[in-house]
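A short worksheet on the structure shown next.
Computed from the coordinates by the stated procedures, all read-outs in this text should not be read as laboratory data. If you're wondering where the values come from, they're calculated on a predicted model, not measured in any experiment. Methodologically, a virtual Cβ is constructed for each residue, glycine included, from the backbone with ideal geometry; neighbour enumeration extends over all protein chains shown.
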Amino acid sequence: MSKAIAVPCLVALLAGCSSMPGSMSGESSKPATPVYSQESLPAAVKVPTGNKVAMETVGTGEITYQCREKQGTAGEYEWFFVGPKATLSDRAGTRVGSYYGPPATWESMDGSKLTATQVAVAPAGAGNIAYQLVKANPAMGMGKMTGVTYIQRVATRGGVPPAAACTMAGLGRNEVVKYQADYVFWSAM
């Protein structure tokens with residue numbers, strides 16, 4: 001190949017590379033993360049205006065239920081929500097924290113953690129634990145949980161009480177069910 005042809009080919013090749021993501025022009029090869037949208041959620045679990053997404057996680061784990069006598073109703077029994085135990089991962093699948101209770105506690109890998117007070121729930125479809133909106137209590141420790149105002153539980157799968165009957169013979173029996181949910185953390189703008 002002659003120099004006259006090789007130089008324009010090399011220039012074209014380098015120009016093409018400079019427009020590629022992750023090139024030496026300083027652009028990141030990481031794809032842009034879409035902004036989380038509340039559009040399709042029931043109004044009850046939407047975060048009030050004046051807040052922005054601080055972190056999005058996927059919780060994967062289990063919920064424990066216990067067979068107990070219904071409060072105030074002698075001779076009737078129900079599955080009582082005991083608590084969750086889940087791993088929180090970012091959208092890339094990297095572990096970033098955990099969720100456990102009681103009390104319901106979200107803890108970051110950096111050691112910061114918080115509890116929260118339920119504001120609202122909304123149905124999430126048959127077989128799925130409800131969507132939930134909670135108002136965060138002040139965080140303990142400094143880190144990712146510092147400044148969180150609200151947490152939404154959305155995109156739920158599983159987690160509902162066991163299908164097995166809760167009867168007098170099974171009082172005190174624990175059952176564990178698997179679940180997954182997105183936990184979206186919000187902070188004030």
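Quick one: if you stick a label point 7 Å off each Cα along the C-beta vector at ALA126 and VAL177, how many nm between them?
Using points 7 Å along Cα→Cβ, the separation is 1.4 nm.
Calculated FRET efficiency, ARG157 and MET189, Cβ-Cβ r, R0 35 Å, to nearest 0.05?
Step by step, r from the Cβ atoms, then E = 0.70.
Rounded if a/c is under 1.5, else prolate if a/b is larger than b/c, else oblate: which is region 43-188, with a ≥ b ≥ c the root eigenvalues of its Cα gyration tensor? Before the final figure, lay out the partial values.
Working: a/c = 2.01, a/b = 1.86, b/c = 1.09.
Prolate is the answer for region 43-188, as a/c is 1.5 or above and a/b outweighs b/c.
Determine the distance separating the Cα centre of region 59-95 from the Cα centre of region 42-57; give it in Å without decimals.
Result: 23 Å between the Cα centres.
7 Å from Cα along Cα→Cβ at both LYS135 and THR115: what's the point-to-point distance in nm?
That separation, rounded to one decimal, is 1.6 nm.
Quick one: length gained pulling VAL82 to MET142 fully straight, 0.36 nm per residue minus the C-alpha distance? Intermediate values should be presented prior to the final figure.
Working: separation 60, 0.36 × 60 = 21.60 nm, distance 2.85 nm.
Result: 18.8 nm gained on full extension.
Gain in length, TYR100 to THR60, computed as 0.36 nm per residue apart minus the alpha-carbon separation, to one decimal in nm?
Stretched out fully, the TYR100 to THR60 stretch lengthens by 13.3 nm.
What does the highest-first list of 88-100, 148-160 look like by mean Cβ count within 10 Å?
Taking the mean over residues of other Cβ atoms within 10 Å, the ranking is 148-160, 88-100.
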